[in-house]
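Colleague: Have a look at this one.
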Amino acid sequence: MSVRYLGLLRDEARSGELTRISDDVVKDIHKGIYDSITSVWRAGGFSREFFKKYYKRSVGDVEKLVKLRIVKAVLSSSSDKESFDYRLLNGFNRVVELLRDYLSARILLTPDMAVVVKAARDLVYNGRLWRRGDIGSMDLFTAAFYYALDYVCPVKSFLIDSLESGKL
């Protein structure tokens, strides 16, 4: 189990791009864990304590792998659409993009610093049904959440957009 995670971590660290981790690999890892748990519980005694320590170390290895993949995704490494975590890593990129635009004043904000957004899909927020195309405001955390899921798009600042395009 831990060897499998360390292998994935090593491959990820060596690769310039995000590596593809298929659903089959994840299923095999889960199967190995579940099979080990049943075997260890049947064996009992010292094997249970050993397995608990081994599993805890494996979780630490997985955490390192996940953090490395997030960092690579955020640093604009392209990810494989066939990887099991593609949409999640793409969501992190969108959150980074939103925070960049928020801090650099590229998006519109309300006087209380809420993000002005346009609904890309129908959604329910704050007890209100938003239809596609509706415009409103959300606090930064909520806007980041919905933007990562591709439910809203922040409204760009006209002044900054004009400045960047050379019209101003």
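What follows is calculated from the coordinates using simple rules that are stated; it is not laboratory data. As the structure is a prediction and not an experimental result, all values here were calculated from the model. Virtual Cβ from ideal backbone geometry, glycine too; neighbours counted across all protein chains shown.
Colleague: How far apart, in nanometres, would the label points at residue 121 and residue 90 be if each is projected 7 angstrom from Cα along the Cα-to-Cβ direction?
Modeller: Between residue 121 and residue 90, the label points sit 1.1 nm apart.
Colleague: Sticking with this one: For the range 63-131, list log₁₀ I(q)/I(0) at each q in 0.20, 0.27 Å⁻¹, using the Debye formula over Cα point scatterers of equal strength and ignoring solvent, two decimals each.
Modeller: Calculated log10 I(q)/I(0) at the listed q: -0.95, -1.12.
Colleague: Given 0.36 nm per residue, what is the gain on full extension from residue 82 to residue 57 after removing their alpha carbon distance, in nm?
Modeller: Values: separation 25, 0.36 × 25 = 9.00 nm, distance 2.82 nm.
Going from the current span to full extension adds 6.2 nm.
Colleague: Kindly put 85, 24, 161 in sequence by how many other C-beta atoms sit within 10 Å of each C-beta, fewest to most.
Modeller: Ranked by crowding around the Cβ, least crowded first: 24, 161, 85.
Colleague: Could you list, bin by bin from short to long, the percent of Cα-Cα pairs of the range 1-75 in 10 Å steps?
Modeller: Once binned at 10 Å, the Cα pair distances of the range 1-75 give 18, 44, 25, 11, 2.
Colleague: Is any residue of the range 76-113 close enough, with backbone N under 12 Å, to a label point placed 7 angstrom from the Cα of residue 13 along the Cα-Cβ axis, and if so, which?
Modeller: none
Colleague: Give me the Å³ per residue figure for the convex hull around the C-alpha atoms of the range 86-165.
Modeller: In the range 86-165, the Cα convex hull volume per residue is 98 Å³.
Colleague: So what is the relative contact order of the range 2-74, in percent, for Cα pairs below 8 Å that sit 6 or more residues apart?
Modeller: Details: 30 pairs, mean separation 43.0, N = 73.
About 59 percent, as a whole number.
Colleague: While we're here: May I ask for the net charge around residue 115, where only other residues with Cβ less than 10 Å from the Cβ of residue 115 are counted and Lys, Arg are +1 while Asp, Glu are -1?
Modeller: Net charge around residue 115: -2.
Colleague: A further question follows. If you average the sequence gap of Cα pairs under 8 Å that are 6 or more apart and divide by the length of the range 98-159, what percent do you get for the contact order?
Modeller: For the range 98-159, the relative contact order is 39 percent.
Colleague: Fully extended, how many nm does the chain gain between residue 100 and residue 74 (0.36 nm per residue separation, minus their Cα-Cα distance)? Walk me through the numbers on the way to the answer.
Modeller: Details: separation 26, 0.36 × 26 = 9.36 nm, distance 1.19 nm.
Contour length minus the Cα-Cα distance gives 8.2 nm.
Colleague: Any lysines with Cα under 18 Å of the residue 53 Cα? List them, leaving off those in the same chain fewer than 8 positions away.
Modeller: List returned: 64.
Colleague: Can you give the net charge of the other residues whose Cβ lies under 13 Å from the Cβ of residue 7, counting K and R as +1 and D and E as -1?
Modeller: Local charge sum for residue 7: 0.
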